[in-house]
Amino acid sequence: MIITPTWYLVLAAALFAIGAVGMLVRRNVIVMFMCVELMLNAVNLTFVTFSKTLNDLSGQVAVFFVLVVAAAEVAIGLALIVAIFRRRHTGTTADDISELRG
Amino acid sequence: MVTLVLFIAFAIIALVGALGVVISRNPVHSALWLVATLLSMAGFFILEGAYLVSAVQVIVYASAIVVLFLFVIMLLGVDREESLTDPLKVQRPVALMLGLVVFALLIGLMGNHWATGGESATAALNSGGGGNVERVAREIFTTYLWPFELTSALLVVAVVGGVALARRSRRAEAASEVAP
């Protein structure tokens, strides 16, 4: 039995869907962030799969750039969470900061 | 045969890890499940011959980013269990349904041939010689040199922004000292 690219794509779709559901369901901001990372990883898997299927290195280069953007996004996002938590000690659920003001 | 066994093992770890991130009530457990998913993702990359991406995945994602997550969780002391009951009763079933719709749409998209199926003429996987690392590096430093330089600007902006956001301004500190 040979692993076709379709298997990878189905797996990536499942991971993306799980990440999306987690993003909608969870209320802890940090866990919501982790779900974003899950979705980004699913996309990376798709990129690498198509890179192999279409015999093109550009897919792997794209994964590289996605990684850089994810790292920058996490740094900024977590700094934002720390700043919010410092200002108001209520907690880090999305409901606590739903008013979007200090 | 070996690749099949490895694929199934990594797939199970990845899916269980992803579900663990969503389901576990403690953020620290979520972060640890995330590590499982990220590492199995690196395994997939090795199975598909993307060795450089796999190494970068382990170094940047599974170590740096997750450690940053854990740092913030510990720093803020938010590692208490979160109640999973939702104030909005409808939200959870609707979210699950939307997730299923997303999954079905992605599967449906897969049946279509969005890509032409033509193979790359300029950046084939085995062009030029050298290993995977060398070829990806050549691609980044020739075709993608300008985007690569832009990412350095992006990282500098992110670092400056992170420092600016996370540092306490002196005025806020004085205010909190006066009125604790």
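Exactly one residue among B:111, B:117, B:129 is more than 8 Å from every other protein chain (Cβ to nearest Cβ), in contact with a helix residue (DSSP H, G or I) (Cβ under 9 Å, 6 or more places away or on another chain), modelled with pLDDT under 90 and loosely packed, with under 11 Cβ neighbours inside 10 Å, and that residue is B:129.
Evaluate the stretch A:73-85: report whether one residue or more is surrounded by fewer than 20 Cβ atoms within 10 Å (Cβ to Cβ), more than 8 Å from chain B (Cβ to nearest Cβ) and over 24 Å from residue B:73 (Cβ atoms). The answer is no; no qualifying residue exists.
Here A:57, A:45, A:15 are screened, and the one residue that is buried (at least 21 other Cβ atoms within 10 Å of the Cβ), modelled with pLDDT under 90 and among the hydrophobic types (A, V, I, L, M, F, W, C) is A:57. Looking at this structure, is residue B:149 outside the structural domain of residue B:49 (by TED's automatic domain parsing), charged (D, E, K, R) and at pLDDT 90 or above? In short, yes.
Within the stretch B:1-102, which helices (runs of 4 or more DSSP H) (wholly inside it) include 3 or more residues that are over 18 Å from residue A:28 (Cα atoms)? Passing ranges, in order: B:2-23, B:27-47, B:51-56. Each residue in the stretch A:31-68 was checked for being of a type in the set (Val, Ile, Thr) and facing chain B (nearest Cβ under 7 Å), and 6 pass.
Would you call residue B:105 over 19 Å from the mean Cα position of the chain (by Cα), more than 7 Å from every other protein chain (Cβ to nearest Cβ), surrounded by 12 or more Cβ atoms within 10 Å (Cβ to Cβ) and modelled with pLDDT of 75 or more? Considered against the rule, which asks whether it is over 19 Å from the mean Cα position of the chain (by Cα), more than 7 Å from every other protein chain (Cβ to nearest Cβ), surrounded by 12 or more Cβ atoms within 10 Å (Cβ to Cβ) and modelled with pLDDT of 75 or more, residue B:105 comes out as yes.
The values are calculated or read from the model by the stated rules, or taken from the named source; none is laboratory data. Computed from a prediction, not measured in an experiment: that's the story for all the values here. Positions of Cβ are backbone-derived with ideal geometry, glycine not excepted, and every protein chain shown enters the neighbour counts.
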